[in-house]
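Here's the structure, in structure tokens; my notes come after.
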Amino acid sequence: MESELCEDNVKCKMLTESLDFIEEVPKDRGKTSHNCDICKKSFARKESLATHKRIHTGEKPHHCDICGKSFYQKYALTNHKRIHTGERPYRCNICGQSFSEGGTLTKHKRVHTGEKPYRCDCCGQSFSEVGTLTKHKRVHTGEKPFRCDVCSQSFSEGSSLTRHKRIHTGGRPYHCDVCGKSFSQSHVLTNHKRIHTGKRPYQCVICGQSYSTLSILSTHKRIHTGEKPFQCDVCGKSFSQNNVLNNHKRIHTGKRPYLCVTCGQSYSTASTLSTHKRIHTGEKPYRCDICGKSFSENTHLTVHKRIHTGEKPYQCEICGQSFAVGGTLAKHKRIHTGEEPYQCDTCGQSFSQNDQLNKHKCTSTREKAYHHDNSFSDNDG
């Protein structure tokens, strides 16, 4: 019973915050009040109490005659119907944008005025919406009122619980209208669509390079700053990205959790498995918008595009020569350093490039075969 009351209070608090017209009686007013016998909230009008009680009873007497959805209050039904009619009667007199609800217009106007009337009494931070303040306060209280009924994990926001539940249900409600691929979160779909449109709205202020997502731009910026905040606790090596650290750790553990169901080959990262699978499917989702050539990997497309643009972003700091591919710069640098990391396991000779080693091995094999054949000829003679 106690847990049920607790859940009711949470629900009551959440919903009452959105019911702006229900007037709760301040404790010092001294007028006749109408009290809720479930959560003890007080209201100035009997009608407000009756509406409030529907939160506890679940009664939704106002039904949409188009889709059948029900609501606690008549005004909520009126607002809902505008989804079907497309009506937006509330217009901003500053920018001309229109809204279906008066409350949404009020919130929107604060974008122009900068007004933040809702202040946190713990840290003093101010917010433009009461709902944002309510969420923020949970940072201080640690409150997580939204609980998963499958695994009991709790969340501070209802939207986080909704997203979490899709782990259990496998729900992917956001569909790409270009390729049909589905996603569990709307922002992931938004990012995905940029593969098709080529849109890159996030630009680096240092080098001018653009990216499709803010997170990729943030990661890119670490190239300029040299920041590597993610450190391996085994060998101490640092990385600019957390997922690269996680992948790196599998070098130490030998773990290869991603299995190809077609050929049985295992991989240490999901992205490597996805790339590998295209060998079987022949899929080449990355298409050059200049010449139409397609590639199985985005990095291959990026490198290919430099043929058209002439871009050579990798510069040797010793001689100033520039290259289109990072690997080519690495090979070039060995001219200056004299490094020869590729060693023949037969004769011990070292080379600066892998293809030189392979060429050497082929030559050695042919020479051995030649001498072997000649020795037989001499014996026959």
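A single member of Lys144, Lys165, Lys137 is surrounded by 14 or more Cβ atoms within 10 Å (Cβ to Cβ), touching a helix residue (DSSP H, G or I) at 6+ places or on another chain (Cβ under 9 Å) and either basic (Lys, Arg) or not in a loop (DSSP other than H, G, I, E, B) (or both), and it is Lys144. When the stretch 237-254 is filtered for residues that are farther than 21 Å from Lys221 by Cβ and either exposed (fewer than 13 other Cβ atoms within 10 Å of the Cβ) or not β-branched (Val, Ile, Thr) (or both), the ones remaining, listed by number, are Lys249, Arg250, His252, Thr253, Gly254.
May I ask you to verify whether Ile318 is surrounded by 11 or more Cβ atoms within 10 Å (Cβ to Cβ), among the hydrophobic types (A, V, I, L, M, F, W, C), at pLDDT 90 or above and outside any helix (DSSP H, G or I)?
On the way: surrounded by 11 or more Cβ atoms within 10 Å (Cβ to Cβ): yes; among the hydrophobic types (A, V, I, L, M, F, W, C): yes; at pLDDT 90 or above: yes; outside any helix (DSSP H, G or I): yes.
In short, yes.
For Cys288, the requirement of being more than 29 Å from Ile223 (Cβ to Cβ), touching a Lys or Arg at 6+ places or on another chain (Cβ under 7 Å) and surrounded by 13 or more Cβ atoms within 10 Å (Cβ to Cβ) is not met. Figure legend. Inter-residue proximity from the stretch 197-210: first residues free of Cβ contacts under 8 Å to residues at least 24 places away in the same chain, second residues assigned to a loop (DSSP other than H, G, I, E, B) and surrounded by 11 or more Cβ atoms within 10 Å (Cβ to Cβ), beta-carbon distance below 6 Å, spacing 6+ or different chains. Indicated pairs: Arg200/Ser212; Ser210/Arg200. Out of all the residues in the stretch 335-354, is one or more among the charged types (D, E, K, R), out of contact with any Asp or Glu (no Cβ under 7 Å at 6 or more places or on another chain) and closer than 28 Å to Arg222 by Cα? Yes, the stretch 335-354 contains at least one residue that is among the charged types (D, E, K, R), out of contact with any Asp or Glu (no Cβ under 7 Å at 6 or more places or on another chain) and closer than 28 Å to Arg222 by Cα.
The values are calculated or read from the model by the stated rules, or taken from the named source; none is laboratory data. This structure is a prediction, so every number in the text was calculated from the model and none was measured. Don't worry about glycine lacking a Cβ; one is built from the backbone with ideal geometry, like all the others, and counts go over all protein chains shown.
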